[in-house]
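Quick notes on the structure that follows.
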Amino acid sequence: MVNIIKQDLDIKEALKKKLEFLCSFCNTKCEIQKGSIRTIERTNLSYVEPHRIIIKGITFLAFNYETNIYIENLSNKILIKDLEEYIKSI
């Protein structure tokens, strides 16, 4: 039997403040869902699930200590500093 252990990750305060500041500047609200680490018991396999930020119905993915933010999936990325322009364009 395969057991998957899930540990919640705390979002770093600096990242949270940046996102909330950008959203308040764009007159929108964001919903932040914490990421997690999922590990298969008795193996060295693990998966880091990114934090999910939902703005205007679009899901953005973010990792702690990273300058990029991902749009919908990990193949579309932009810099966090460019997120304001992206939000205003949608």
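Are any residues in the stretch 39-65 exposed (fewer than 14 other Cβ atoms within 10 Å of the Cβ) and either at pLDDT 95 or above or not aromatic (Phe, Trp, Tyr) (or both), and if so, which ones? Can you show your working first?
Keep residues of the stretch 39-65 that are exposed (fewer than 14 other Cβ atoms within 10 Å of the Cβ), which gives 40-48, 54, 56-58, 65.
Matches in the stretch 39-65: Ile40, Glu41, Arg42, Thr43, Asn44, Leu45, Ser46, Val48, Ile54, Lys56, Gly57, Ile58.
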For this session: Output yes when any residue across the stretch 63-71 is touching a Ser or Thr at 6+ places or on another chain (Cβ under 9 Å) and of a type outside the set (Phe, Trp, Tyr), and no when none is.
Result: yes
Exercise. Which one is nearest to Lys16 (Cα to Cα) among residues in the stretch 61-90 that are in contact with a Pro (Cβ under 9 Å, 6 or more places away or on another chain) and among the aromatic types (Phe, Trp, Tyr)?
Worked result: Phe63
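For the stretch 17-26, does any single residue satisfy the condition of being touching a Phe, Trp or Tyr at 6+ places or on another chain (Cβ under 9 Å) and more than 18 Å from Asp82 (Cβ to Cβ)? Please lay out each step first, then the result.
So in the stretch 17-26, the residues touching a Phe, Trp or Tyr at 6+ places or on another chain (Cβ under 9 Å) come out as 19.
After this cut, where a residue has to be more than 18 Å from Asp82 (Cβ to Cβ) as well, the list is none.
Within the stretch 17-26, not a single residue is touching a Phe, Trp or Tyr at 6+ places or on another chain (Cβ under 9 Å) and more than 18 Å from Asp82 (Cβ to Cβ).
Criterion first (under 16 Å from Glu31 (Cβ atoms), hydrophobic (A, V, I, L, M, F, W, C) and not in a strand (DSSP E or B)) does Ile54 satisfy it? Spell out the reasoning first.
Numbers: under 16 Å from Glu31 (Cβ atoms): yes; hydrophobic (A, V, I, L, M, F, W, C): yes; not in a strand (DSSP E or B): no.
Here the answer is no, as Ile54 does not meet what is asked.
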Exercise. If you go through the stretch 17-45 one residue at a time, how many are among the aliphatic types (A, V, I, L, M) and either part of a loop (DSSP other than H, G, I, E, B) or more than 16 Å from Thr59 (Cβ to Cβ) (or both)?
Worked result: 3
For this session: Return a yes/no flag: does the stretch 77-89 have any residue that is surrounded by fewer than 12 Cβ atoms within 10 Å (Cβ to Cβ) and assigned to a loop (DSSP other than H, G, I, E, B).
Result: no
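The values are calculated or read from the model by the stated rules, or taken from the named source; none is laboratory data. None of these values were measured; they are calculated from a predicted model. Ideal geometry is used to build each Cβ from the backbone, glycine not excepted, and the neighbour counts take in all protein chains shown.
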